[in-house]
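The values are calculated or read from the model by the stated rules, or taken from the named source; none is laboratory data. It should be emphasised that the depicted structure is a prediction, and the values quoted were computed from it without experimental measurement. We place every Cβ from the backbone using ideal geometry, glycine too, and count neighbours over all the protein chains shown.
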(Lines give C-alpha, C1' and ligand atoms only; values in the text may rest on other atoms or scores of the structure.)
Protein backbone atom coordinates (compact mmCIF):
# COMPACT_ATOMS: atom_id res chain seq x y z
CA UNK A 1 0.00 0.00 0.00
CA UNK A 2 2.90 2.35 0.74
CA UNK A 3 4.17 1.99 -2.84
CA UNK A 4 0.72 2.80 -4.14
CA UNK A 5 0.41 5.95 -2.02
CA UNK A 6 3.88 7.16 -3.03
CA UNK A 7 2.97 6.57 -6.66
CA UNK A 8 -0.23 8.60 -6.39
CA UNK A 9 1.42 11.51 -4.63
CA UNK A 10 4.15 11.60 -7.26
CA UNK A 11 1.69 11.28 -10.11
CA UNK A 12 -0.53 14.02 -8.70
CA UNK A 13 2.42 16.39 -8.33
CA UNK A 14 3.85 15.69 -11.76
CA UNK A 15 0.48 15.91 -13.52
CA UNK A 16 -1.10 18.90 -11.78
CA UNK A 17 -2.43 21.31 -14.38
CA UNK A 18 -3.79 24.82 -14.17
CA UNK A 19 -7.59 24.58 -14.41
CA UNK A 20 -8.49 24.70 -18.07
CA UNK A 21 -11.18 27.22 -19.06
CA UNK A 22 -12.88 27.29 -22.42
CA UNK A 23 -11.17 29.88 -24.52
CA UNK A 24 -10.40 30.93 -28.03
CA UNK A 25 -6.68 30.47 -28.61
CA UNK A 26 -4.88 32.89 -30.87
CA UNK A 27 -2.51 30.44 -32.50
CA UNK A 28 -0.54 33.21 -34.15
CA UNK A 29 0.55 34.56 -30.76
CA UNK A 30 1.82 31.42 -28.99
CA UNK A 31 4.67 32.28 -26.61
CA UNK A 32 5.09 29.12 -24.52
CA UNK A 33 3.86 25.59 -24.03
CA UNK A 34 3.82 22.95 -21.28
CA UNK A 35 5.60 19.63 -21.84
CA UNK A 36 5.22 16.27 -20.08
CA UNK A 37 7.75 13.49 -20.67
CA UNK A 38 8.18 9.76 -20.06
CA UNK A 39 11.68 8.52 -20.94
CA UNK A 40 13.71 5.33 -20.58
CA UNK A 41 16.58 5.32 -18.03
CA UNK A 42 15.33 8.51 -16.38
CA UNK A 43 13.00 9.37 -13.51
CA UNK A 44 10.59 11.00 -15.96
CA UNK A 45 7.17 9.31 -15.91
CA UNK A 46 4.45 11.63 -17.19
CA UNK A 47 6.51 14.37 -15.57
CA UNK A 48 6.15 18.05 -16.33
CA UNK A 49 9.46 19.55 -17.47
CA UNK A 50 10.43 23.13 -18.31
CA UNK A 51 7.98 25.13 -20.44
CA UNK A 52 8.88 25.57 -24.10
CA UNK A 53 9.54 29.09 -25.33
CA UNK A 54 8.27 30.10 -28.79
CA UNK A 55 9.74 32.77 -31.00
CA UNK A 56 8.86 34.11 -34.42
CA UNK A 57 10.82 32.39 -37.17
CA UNK A 58 10.48 32.23 -40.94
CA UNK A 59 12.76 29.48 -42.27
CA UNK A 60 12.92 25.78 -41.40
CA UNK A 61 16.48 24.59 -42.01
CA UNK A 62 16.22 21.40 -44.09
CA UNK A 63 19.31 19.90 -42.40
CA UNK A 64 17.52 19.88 -39.04
CA UNK A 65 14.56 17.91 -37.62
CA UNK A 66 11.18 19.63 -37.51
CA UNK A 67 7.61 18.92 -36.47
CA UNK A 68 4.95 21.07 -38.14
CA UNK A 69 1.56 21.47 -36.47
CA UNK A 70 -1.41 22.76 -38.45
CA UNK A 71 -4.72 23.22 -36.56
CA UNK A 72 -6.55 24.64 -39.59
CA UNK A 73 -7.46 21.13 -40.79
CA UNK A 74 -9.45 18.93 -38.39
CA UNK A 75 -10.35 15.27 -38.72
CA UNK A 76 -12.09 12.68 -36.53
CA UNK A 77 -13.51 13.51 -33.09
CA UNK A 78 -12.18 11.50 -30.15
CA UNK A 79 -14.75 9.44 -28.20
CA UNK A 80 -12.47 8.17 -25.44
CA UNK A 81 -9.45 6.19 -24.27
CA UNK A 82 -9.46 3.45 -21.65
CA UNK A 83 -9.28 -0.26 -20.88
CA UNK A 84 -11.32 -3.39 -20.25
CA UNK A 85 -13.11 -4.07 -16.97
CA UNK A 86 -13.05 -7.87 -17.05
CA UNK A 87 -13.88 -10.58 -14.53
CA UNK A 88 -10.15 -11.10 -13.98
CA UNK A 89 -9.51 -7.44 -13.22
CA UNK A 90 -12.48 -7.33 -10.85
CA UNK A 91 -11.39 -10.45 -8.98
CA UNK A 92 -7.83 -9.19 -8.52
CA UNK A 93 -9.14 -5.81 -7.38
CA UNK A 94 -11.27 -7.50 -4.71
CA UNK A 95 -8.09 -8.95 -3.14
CA UNK A 96 -6.42 -5.57 -2.69
CA UNK A 97 -6.50 -3.62 0.61
CA UNK A 98 -9.24 -0.98 0.69
CA UNK A 99 -6.92 2.05 0.52
CA UNK A 100 -4.99 0.50 -2.35
CA UNK A 101 -8.28 -0.06 -4.17
CA UNK A 102 -9.10 3.62 -3.83
CA UNK A 103 -5.63 4.66 -4.97
CA UNK A 104 -5.87 2.32 -7.95
CA UNK A 105 -9.20 3.77 -9.08
CA UNK A 106 -7.95 7.32 -8.73
CA UNK A 107 -4.78 6.54 -10.67
CA UNK A 108 -6.77 5.26 -13.64
CA UNK A 109 -9.98 7.29 -13.66
CA UNK A 110 -9.35 10.64 -11.98
CA UNK A 111 -8.46 13.38 -14.45
CA UNK A 112 -6.77 15.40 -11.70
CA UNK A 113 -4.93 12.69 -9.72
CA UNK A 114 -4.46 10.07 -12.44
CA UNK A 115 -4.58 9.47 -16.17
CA UNK A 116 -8.31 10.10 -16.56
CA UNK A 117 -9.69 7.07 -18.42
CA UNK A 118 -13.02 7.91 -20.10
CA UNK A 119 -13.68 4.72 -22.06
CA UNK A 120 -14.03 1.02 -21.30
CA UNK A 121 -15.05 -2.45 -22.40
CA UNK A 122 -16.58 -5.39 -20.58
CA UNK A 123 -17.49 -8.96 -21.48
CA UNK A 124 -20.97 -10.40 -22.10
CA UNK A 125 -20.82 -13.73 -20.18
CA UNK A 126 -17.44 -15.42 -19.74
CA UNK A 127 -14.20 -14.87 -21.66
CA UNK A 128 -10.68 -16.22 -21.24
CA UNK A 129 -10.15 -13.64 -18.48
CA UNK A 130 -12.80 -15.20 -16.27
CA UNK A 131 -12.05 -17.79 -13.59
CA UNK A 132 -14.40 -20.26 -15.29
CA UNK A 133 -16.88 -20.47 -18.15
CA UNK A 134 -20.43 -19.28 -17.42
CA UNK A 135 -23.49 -17.78 -19.10
CA UNK A 136 -26.65 -16.07 -17.96
CA UNK A 137 -29.38 -18.62 -18.83
CA UNK A 138 -30.15 -22.24 -18.07
CA UNK A 139 -29.82 -25.05 -20.61
CA UNK A 140 -32.08 -24.80 -23.67
CA UNK A 141 -33.93 -21.72 -22.39
CA UNK A 142 -34.36 -20.06 -25.79
CA UNK A 143 -37.06 -17.78 -24.34
CA UNK A 144 -34.39 -16.46 -21.92
CA UNK A 145 -36.82 -16.58 -18.98
CA UNK A 146 -33.99 -17.60 -16.66
CA UNK A 147 -31.69 -14.75 -17.75
CA UNK A 148 -29.75 -13.33 -14.79
CA UNK A 149 -26.44 -11.52 -14.32
CA UNK A 150 -26.20 -12.70 -10.70
CA UNK A 151 -22.74 -14.10 -11.46
CA UNK A 152 -21.45 -10.59 -12.20
CA UNK A 153 -22.90 -9.11 -9.02
CA UNK A 154 -20.13 -10.55 -6.84
CA UNK A 155 -17.11 -8.90 -8.48
CA UNK A 156 -17.55 -7.28 -11.88
CA UNK A 157 -20.60 -5.07 -11.38
CA UNK A 158 -19.27 -3.50 -8.14
CA UNK A 159 -15.88 -3.03 -9.83
CA UNK A 160 -17.39 -1.22 -12.82
CA UNK A 161 -19.48 0.98 -10.54
CA UNK A 162 -16.35 1.98 -8.62
CA UNK A 163 -14.66 2.92 -11.89
CA UNK A 164 -17.65 5.01 -12.96
CA UNK A 165 -17.61 6.84 -9.63
CA UNK A 166 -13.86 7.49 -9.85
CA UNK A 167 -14.35 8.85 -13.37
CA UNK A 168 -16.74 11.46 -12.02
CA UNK A 169 -19.98 9.56 -12.60
CA UNK A 170 -19.64 8.88 -16.32
CA UNK A 171 -17.72 6.21 -18.20
CA UNK A 172 -18.37 5.39 -21.85
CA UNK A 173 -18.65 1.60 -21.80
CA UNK A 174 -19.21 -1.02 -24.49
CA UNK A 175 -19.66 -4.79 -24.16
CA UNK A 176 -18.57 -7.78 -26.28
CA UNK A 177 -19.62 -11.43 -26.34
CA UNK A 178 -17.02 -14.21 -26.62
CA UNK A 179 -19.53 -17.03 -27.15
CA UNK A 180 -23.24 -17.80 -27.03
CA UNK A 181 -24.26 -20.56 -24.59
CA UNK A 182 -22.97 -23.97 -25.74
CA UNK A 183 -26.43 -25.28 -26.63
CA UNK A 184 -26.92 -22.42 -29.12
CA UNK A 185 -23.86 -23.57 -31.13
CA UNK A 186 -23.27 -26.32 -33.66
CA UNK A 187 -20.21 -27.38 -31.67
CA UNK A 188 -22.12 -27.53 -28.34
CA UNK A 189 -19.16 -25.95 -26.56
CA UNK A 190 -18.37 -22.36 -25.64
CA UNK A 191 -14.66 -23.06 -26.23
CA UNK A 192 -12.66 -23.62 -29.43
CA UNK A 193 -14.91 -21.89 -31.93
CA UNK A 194 -18.02 -23.36 -33.47
CA UNK A 195 -20.87 -21.30 -34.91
CA UNK A 196 -24.25 -20.03 -33.81
CA UNK A 197 -27.05 -22.32 -34.98
CA UNK A 198 -29.51 -20.53 -37.31
CA UNK A 199 -32.50 -21.52 -35.15
CA UNK A 200 -31.03 -19.49 -32.27
CA UNK A 201 -30.23 -16.27 -34.17
CA UNK A 202 -33.19 -14.44 -32.68
CA UNK A 203 -32.66 -15.81 -29.19
CA UNK A 204 -29.03 -14.69 -29.28
CA UNK A 205 -30.02 -11.21 -30.46
CA UNK A 206 -32.51 -11.08 -27.57
CA UNK A 207 -29.66 -12.07 -25.22
CA UNK A 208 -27.88 -8.78 -26.04
CA UNK A 209 -31.01 -6.84 -25.12
CA UNK A 210 -31.34 -8.74 -21.84
CA UNK A 211 -27.72 -7.98 -20.97
CA UNK A 212 -28.05 -4.26 -21.73
CA UNK A 213 -31.24 -4.01 -19.67
CA UNK A 214 -29.75 -5.97 -16.77
CA UNK A 215 -26.69 -3.74 -16.55
CA UNK A 216 -28.83 -0.63 -16.82
CA UNK A 217 -30.88 -1.94 -13.88
CA UNK A 218 -27.61 -2.05 -11.90
CA UNK A 219 -26.84 1.57 -12.76
CA UNK A 220 -24.36 0.76 -15.54
CA UNK A 221 -25.47 2.28 -18.86
CA UNK A 222 -23.89 0.78 -21.95
CA UNK A 223 -22.82 3.06 -24.80
CA UNK A 224 -22.40 0.26 -27.33
CA UNK A 225 -21.84 -3.40 -28.18
CA UNK A 226 -19.75 -5.41 -30.60
CA UNK A 227 -21.44 -8.22 -32.48
CA UNK A 228 -18.72 -10.76 -31.68
CA UNK A 229 -15.21 -10.77 -30.26
CA UNK A 230 -12.71 -12.15 -32.79
CA UNK A 231 -15.20 -13.79 -35.18
CA UNK A 232 -12.44 -15.31 -37.31
CA UNK A 233 -10.54 -17.25 -34.59
CA UNK A 234 -11.50 -20.61 -33.03
CA UNK A 235 -9.57 -19.93 -29.82
CA UNK A 236 -9.06 -22.44 -27.01
CA UNK A 237 -11.16 -20.10 -24.87
CA UNK A 238 -14.71 -18.83 -25.45
CA UNK A 239 -15.11 -18.10 -29.15
CA UNK A 240 -17.62 -18.19 -31.98
CA UNK A 241 -16.95 -18.05 -35.72
CA UNK A 242 -18.75 -15.81 -38.21
CA UNK A 243 -17.79 -15.60 -41.86
CA UNK A 244 -18.11 -12.06 -43.23
CA UNK A 245 -21.48 -12.99 -44.75
CA UNK A 246 -22.67 -14.60 -41.51
CA UNK A 247 -21.83 -11.54 -39.44
CA UNK A 248 -23.48 -9.31 -42.05
CA UNK A 249 -26.68 -11.34 -42.00
CA UNK A 250 -26.81 -11.65 -38.21
CA UNK A 251 -26.55 -7.85 -37.94
CA UNK A 252 -28.90 -7.23 -40.86
CA UNK A 253 -31.74 -9.60 -39.97
CA UNK A 254 -31.45 -10.06 -36.20
CA UNK A 255 -29.18 -7.93 -34.03
CA UNK A 256 -29.78 -4.56 -35.68
CA UNK A 257 -33.58 -4.89 -35.96
CA UNK A 258 -33.82 -6.33 -32.43
CA UNK A 259 -31.97 -3.38 -30.89
CA UNK A 260 -34.23 -0.96 -32.77
CA UNK A 261 -37.41 -2.85 -31.88
CA UNK A 262 -36.44 -2.68 -28.20
CA UNK A 263 -35.75 1.07 -28.32
CA UNK A 264 -31.99 0.56 -28.13
CA UNK A 265 -31.14 2.14 -31.47
CA UNK A 266 -28.92 4.63 -29.62
CA UNK A 267 -26.50 1.84 -28.69
CA UNK A 268 -23.45 1.93 -30.96
CA UNK A 269 -23.21 -1.34 -32.88
CA UNK A 270 -19.65 -2.28 -33.81
CA UNK A 271 -18.67 -5.01 -36.27
CA UNK A 272 -15.48 -7.06 -36.83
CA UNK A 273 -13.70 -6.61 -33.44
CA UNK A 274 -10.53 -8.41 -34.54
CA UNK A 275 -7.14 -7.66 -36.09
CA UNK A 276 -6.16 -5.04 -38.64
CA UNK A 277 -5.08 -7.68 -41.17
CA UNK A 278 -8.55 -8.81 -42.33
CA UNK A 279 -10.45 -5.68 -41.30
CA UNK A 280 -11.21 -4.49 -44.83
CA UNK A 281 -12.55 -7.85 -46.03
CA UNK A 282 -14.96 -8.30 -43.12
CA UNK A 283 -15.96 -4.63 -42.90
CA UNK A 284 -16.57 -4.23 -46.64
CA UNK A 285 -18.75 -7.34 -46.80
CA UNK A 286 -20.96 -5.86 -44.09
CA UNK A 287 -20.84 -2.18 -45.02
CA UNK A 288 -21.34 -2.64 -48.76
CA UNK A 289 -24.79 -3.97 -47.87
CA UNK A 290 -26.96 -0.89 -47.16
CA UNK A 291 -29.46 -2.85 -45.07
CA UNK A 292 -26.72 -4.16 -42.79
CA UNK A 293 -24.67 -0.96 -42.84
CA UNK A 294 -27.54 1.18 -41.56
CA UNK A 295 -27.29 -0.55 -38.18
CA UNK A 296 -23.49 -0.32 -37.86
CA UNK A 297 -21.87 2.65 -36.12
CA UNK A 298 -18.28 1.56 -36.48
CA UNK A 299 -15.61 -1.06 -37.05
CA UNK A 300 -13.59 -2.40 -34.13
CA UNK A 301 -10.07 -3.75 -34.46
CA UNK A 302 -7.33 -5.45 -32.42
CA UNK A 303 -3.57 -5.35 -32.92
CA UNK A 304 -2.50 -8.99 -32.68
CA UNK A 305 -1.59 -9.38 -36.34
CA UNK A 306 1.87 -8.25 -35.18
CA UNK A 307 2.22 -11.52 -33.27
CA UNK A 308 0.86 -13.78 -36.00
CA UNK A 309 4.06 -13.99 -38.06
CA UNK A 310 7.70 -13.32 -37.24
CA UNK A 311 8.99 -9.87 -38.23
CA UNK A 312 5.50 -8.66 -39.14
CA UNK A 313 4.64 -4.99 -38.76
CA UNK A 314 1.36 -3.41 -37.69
CA UNK A 315 -0.92 -3.06 -40.71
CA UNK A 316 -2.03 0.50 -40.06
CA UNK A 317 -2.74 1.18 -43.73
CA UNK A 318 -5.65 -1.27 -43.63
CA UNK A 319 -7.41 1.18 -41.32
CA UNK A 320 -6.97 3.89 -43.93
CA UNK A 321 -8.60 1.65 -46.54
CA UNK A 322 -11.71 1.28 -44.37
CA UNK A 323 -11.79 5.01 -43.63
CA UNK A 324 -11.45 5.83 -47.33
CA UNK A 325 -14.19 3.44 -48.41
CA UNK A 326 -16.63 4.10 -45.56
CA UNK A 327 -15.99 7.63 -44.24
CA UNK A 328 -19.31 7.72 -42.36
CA UNK A 329 -18.30 4.78 -40.12
CA UNK A 330 -16.01 5.05 -37.10
CA UNK A 331 -12.81 3.12 -36.37
CA UNK A 332 -11.79 2.14 -32.85
CA UNK A 333 -9.27 -0.18 -31.27
CA UNK A 334 -11.39 -2.48 -29.13
CA UNK A 335 -8.56 -4.59 -27.67
CA UNK A 336 -4.80 -4.69 -27.44
CA UNK A 337 -2.25 -5.95 -24.93
CA UNK A 338 1.25 -7.42 -24.67
CA UNK A 339 1.26 -11.22 -24.89
CA UNK A 340 3.18 -14.08 -23.20
CA UNK A 341 3.42 -12.92 -19.60
CA UNK A 342 6.76 -13.22 -17.80
CA UNK A 343 7.17 -11.54 -14.43
CA UNK A 344 10.74 -10.51 -15.25
CA UNK A 345 9.48 -8.39 -18.17
CA UNK A 346 7.21 -6.13 -16.12
CA UNK A 347 9.52 -3.17 -16.68
CA UNK A 348 10.43 -3.98 -20.29
CA UNK A 349 10.48 -0.58 -22.00
CA UNK A 350 9.52 -2.11 -25.33
CA UNK A 351 6.01 -2.79 -24.07
CA UNK A 352 5.22 0.87 -23.53
CA UNK A 353 6.78 1.79 -26.86
CA UNK A 354 4.59 -0.79 -28.60
CA UNK A 355 1.59 1.05 -27.15
CA UNK A 356 2.94 4.46 -28.11
CA UNK A 357 3.53 3.35 -31.68
CA UNK A 358 0.01 1.93 -31.96
CA UNK A 359 -1.64 4.96 -30.37
CA UNK A 360 0.10 7.46 -32.66
CA UNK A 361 -0.56 5.48 -35.83
CA UNK A 362 -4.08 4.27 -35.05
CA UNK A 363 -5.20 7.84 -34.38
CA UNK A 364 -3.40 9.12 -37.48
CA UNK A 365 -5.27 6.47 -39.49
CA UNK A 366 -8.65 7.62 -38.22
CA UNK A 367 -9.40 5.88 -34.91
CA UNK A 368 -11.87 7.72 -32.67
CA UNK A 369 -11.26 5.60 -29.55
CA UNK A 370 -8.64 3.26 -28.12
CA UNK A 371 -9.25 0.43 -25.63
CA UNK A 372 -6.53 -1.45 -23.80
CA UNK A 373 -7.32 -4.99 -22.60
CA UNK A 374 -7.39 -5.82 -18.84
CA UNK A 375 -6.84 -2.78 -16.62
CA UNK A 376 -5.47 -5.02 -13.85
CA UNK A 377 -4.02 -8.55 -13.53
CA UNK A 378 -2.22 -10.56 -10.86
CA UNK A 379 1.39 -11.71 -10.51
CA UNK A 380 0.84 -14.50 -13.08
CA UNK A 381 -0.90 -12.34 -15.68
CA UNK A 382 -4.31 -13.76 -14.75
CA UNK A 383 -6.60 -15.13 -13.50
CA UNK A 384 -7.37 -16.94 -16.75
CA UNK A 385 -9.16 -20.26 -16.96
CA UNK A 386 -7.28 -21.51 -20.03
CA UNK A 387 -3.75 -20.44 -19.12
CA UNK A 388 -3.64 -17.49 -21.54
CA UNK A 389 -1.59 -15.22 -19.25
CA UNK A 390 -0.92 -11.68 -20.47
CA UNK A 391 0.42 -8.28 -19.43
CA UNK A 392 -1.63 -5.35 -18.14
CA UNK A 393 -0.58 -1.77 -17.37
CA UNK A 394 -0.94 -2.58 -13.65
CA UNK A 395 -0.24 -5.85 -11.81
CA UNK A 396 -1.11 -6.70 -8.21
CA UNK A 397 0.97 -9.40 -6.54
CA UNK A 398 -1.48 -11.29 -4.35
CA UNK A 399 1.41 -12.89 -2.44
CA UNK A 400 3.44 -9.77 -1.60
CA UNK A 401 0.64 -7.14 -1.80
CA UNK A 402 2.75 -5.05 -4.18
CA UNK A 403 1.11 -2.98 -6.90
CA UNK A 404 3.28 -2.45 -9.99
CA UNK A 405 2.62 0.25 -12.57
CA UNK A 406 4.39 -0.71 -15.79
CA UNK A 407 5.58 1.80 -18.35
CA UNK A 408 2.52 0.83 -20.44
CA UNK A 409 0.48 2.82 -17.92
CA UNK A 410 2.47 5.98 -18.57
CA UNK A 411 2.46 5.71 -22.36
CA UNK A 412 -1.31 5.26 -22.28
CA UNK A 413 -1.58 8.15 -19.82
CA UNK A 414 0.03 10.58 -22.25
CA UNK A 415 -3.05 10.09 -24.41
CA UNK A 416 -5.87 9.41 -21.95
CA UNK A 417 -5.04 12.35 -19.68
CA UNK A 418 -4.48 14.98 -22.32
CA UNK A 419 -6.54 13.85 -25.34
CA UNK A 420 -10.04 14.20 -23.97
CA UNK A 421 -13.42 13.26 -25.49
CA UNK A 422 -14.50 15.83 -28.04
CA UNK A 423 -10.95 16.62 -29.16
CA UNK A 424 -10.37 16.65 -32.90
CA UNK A 425 -7.27 15.33 -34.57
CA UNK A 426 -5.24 17.91 -36.48
CA UNK A 427 -2.11 17.73 -38.61
CA UNK A 428 1.27 17.12 -37.00
CA UNK A 429 4.00 16.25 -39.48
CA UNK A 430 7.56 15.10 -38.73
CA UNK A 431 10.45 15.72 -41.12
CA UNK A 432 12.40 12.64 -39.96
CA UNK A 433 11.52 9.02 -39.19
CA UNK A 434 13.19 9.13 -35.77
CA UNK A 435 10.19 11.09 -34.46
CA UNK A 436 6.56 10.03 -34.85
CA UNK A 437 3.79 12.47 -34.04
CA UNK A 438 0.08 13.11 -33.86
CA UNK A 439 -1.87 16.09 -32.54
CA UNK A 440 -5.33 17.19 -31.40
CA UNK A 441 -7.23 20.34 -30.57
CA UNK A 442 -9.45 20.06 -27.50
CA UNK A 443 -12.87 21.55 -26.88
CA UNK A 444 -11.06 24.22 -24.85
CA UNK A 445 -9.04 25.24 -27.91
CA UNK A 446 -5.74 23.92 -26.54
CA UNK A 447 -3.49 21.96 -28.88
CA UNK A 448 -2.01 18.68 -27.67
CA UNK A 449 0.99 17.35 -29.62
CA UNK A 450 2.36 13.84 -29.03
CA UNK A 451 5.98 13.14 -30.02
CA UNK A 452 7.25 9.55 -29.91
CA UNK A 453 10.95 8.67 -30.14
CA UNK A 454 11.62 4.92 -30.42
CA UNK A 455 15.26 5.35 -31.41
CA UNK A 456 18.50 5.21 -29.41
CA UNK A 457 19.17 8.83 -30.40
CA UNK A 458 18.75 12.08 -28.53
CA UNK A 459 17.01 14.16 -31.16
CA UNK A 460 16.95 17.99 -31.11
CA UNK A 461 14.03 19.33 -33.17
CA UNK A 462 12.04 22.46 -33.84
CA UNK A 463 8.31 22.51 -33.16
CA UNK A 464 6.43 24.82 -35.51
CA UNK A 465 2.98 26.38 -35.30
CA UNK A 466 2.63 28.80 -38.22
CA UNK A 467 5.72 31.00 -37.86
CA UNK A 468 6.06 30.34 -34.14
CA UNK A 469 8.87 27.89 -33.32
CA UNK A 470 10.36 26.32 -30.21
CA UNK A 471 13.57 24.34 -29.80
CA UNK A 472 12.95 20.93 -28.17
CA UNK A 473 15.02 17.89 -27.18
CA UNK A 474 13.54 14.41 -27.59
CA UNK A 475 15.13 11.84 -25.30
CA UNK A 476 15.94 8.35 -26.58
CA UNK A 477 13.02 5.94 -26.16
CA UNK A 478 10.61 8.59 -24.94
CA UNK A 479 7.20 10.08 -25.44
CA UNK A 480 6.40 13.74 -24.89
CA UNK A 481 3.09 15.58 -24.68
CA UNK A 482 3.25 19.26 -25.54
CA UNK A 483 0.28 21.49 -24.68
CA UNK A 484 -0.08 24.83 -26.47
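Taking the conditions exactly as written (buried (at least 22 other Cβ atoms within 10 Å of the Cβ) and part of a helix (DSSP H, G or I)), does residue 355 satisfy them or not?
Considered against the rule, which asks whether it is buried (at least 22 other Cβ atoms within 10 Å of the Cβ) and part of a helix (DSSP H, G or I), residue 355 comes out as yes.
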- Regarding residue 322, is this residue over 26 Å from residue 388 (Cα atoms), in the same structural domain as residue 392 (by TED's automatic domain parsing) and under 16 Å from the mean Cα position of the chain (by Cα)? no
- Item | Any hit, the stretch 196-207, residues being assigned to a strand (DSSP E or B) and over 30 Å from residue 95 (Cβ atoms) | yes
- Query: Of the residues 113, 56, 95, which single one is modelled with pLDDT under 95 and at negative phi?
  - Reply: 56
- Kindly indicate whether residue 414 is closer than 23 Å to residue 107 by Cβ and in a strand (DSSP E or B). no
- Message: Please verify whether residue 170 is assigned by TED's automatic domain parsing to the domain that holds residue 417, assigned to a loop (DSSP other than H, G, I, E, B) and over 21 Å from residue 225 (Cβ atoms), treating the condition exactly as stated.
- Response: no
- Item | Qualifying positions in the stretch 251-280 - out of contact with any helix residue (DSSP H, G or I) (no Cβ under 6 Å at 6 or more places or on another chain), part of a helix (DSSP H, G or I) and surrounded by 21 or more Cβ atoms within 10 Å (Cβ to Cβ) | 256, 259
- Note on the structure: Filter the stretch 286-310 for residues that are touching a helix residue (DSSP H, G or I) at 6+ places or on another chain (Cβ under 6 Å) and more than 16 Å from residue 242 (Cα to Cα); the one that is surrounded by the fewest Cβ atoms within 10 Å (Cβ to Cβ) is 291
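Let's see how each residue does on (1) surrounded by 17 or more Cβ atoms within 10 Å (Cβ to Cβ); (2) under 27 Å from residue 66 (Cβ atoms):
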residue: 377; (1), (2): yes, no
residue: 408; (1), (2): yes, no
residue: 436; (1), (2): yes, yes
residue: 444; (1), (2): no, yes
- Exactly one of 443, 386 is more than 30 Å from residue 346 (Cα to Cα) and assigned to a loop (DSSP other than H, G, I, E, B), and that residue is 443
